[in-house]
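Shown next, in structure tokens, is the structure this report addresses.
The values are calculated or read from the model by the stated rules, or taken from the named source; none is laboratory data. Predicted, not measured: the structure shown is a model, and the values here were computed from it. Ideal geometry is used to build each Cβ from the backbone, glycine not excepted, and the neighbour counts take in all protein chains shown. Heavy atoms of the whole protein, side chains included, go into the accessibility calculation; ligands, DNA and RNA do not. Shrake-Rupley method; radii C 1.70, N 1.55, O 1.52, S 1.80 Å.
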Amino acid sequence: MASAVSQTTLDHLARRLDELAAEFPTRPEAVNLVTLADDIATLSHYLQHAVERARERFAAPATVHAPERLVLVRLAQATAGMAHALDTLAEALTYATTGFQRAAVRDLGHTHLRNDPQVLRMLTAEKYVAARARLRNTAADLRTASPPAGTPAPRATRPVARTTAAPQRTRS
């Protein structure tokens, strides 16, 4: 039987995403294609692990109770954020490896900027910054425990004792 997915699981994933995002370069001079490929592989691994974990839990749906289902919904939302960041990094790799004449700006295909390494590094750094923001937002969402939707549970109260006293007569 697979272990339950809990808030602790989400916190662990959030820490990993924050650590990865903190390592992303923000300046064009810091962009490195080997590191970019490694970052893509690492994020892919985290995404695959999250999806596999959810799949394991739903292999026996009778064992997944309401609180864990809410956590799994949040995990699914996180995988969407991770996939978006992964797509952004893959786009950066495309810019950096094929030149941006085909991927980014078609009108510059015949200019001297077509394969300018500095321009490619700037585009890649911009993509890194976008992916970093997405991962940080995803990590923050994982840490934030959202209140369950719907009406709040009724509070237990003591019953009010009703007294049916006879009306008093007034003297005139």
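Of 59, 103, 85, which residue is surrounded by 13 or more Cβ atoms within 10 Å (Cβ to Cβ) and at pLDDT below 90? Every option except 103 fails the conditions.
Taking region 113-144 as the range and being touching a helix residue (DSSP H, G or I) at 6+ places or on another chain (Cβ under 6 Å) and within 17 Å of residue 27 (Cβ to Cβ) as the test, the residues that pass are 120, 121, 122, 123, 124, 125, 127, 130, 131, 132. Taken over region 118-144, the criterion of being under 14 Å from residue 16 (Cβ atoms) and not charged (D, E, K, R) is satisfied by 135, 138, 139, 140, 142.
Restricting attention to region 36-62, the residues that are in contact with a helix residue (DSSP H, G or I) (Cβ under 8 Å, 6 or more places away or on another chain) and not acidic (Asp, Glu) total 14. Right, residue 51: under 14 Å from the mean Cα position of the chain (by Cα) and β-branched (Val, Ile, Thr) or not? Yes, satisfied.
Exactly one residue out of 69, 74, 169 is at pLDDT 55 or above, farther than 23 Å from residue 28 by Cβ, assigned to a helix (DSSP H, G or I) and open to solvent by 80 Å² or more (accessible area, probe 1.4 Å): that is 69.
Of all residues in region 4-31 being open to solvent by 70 Å² or more (accessible area, probe 1.4 Å) and not in a helix (DSSP H, G or I), which is modelled with the lowest pLDDT? Here the residue is 26.
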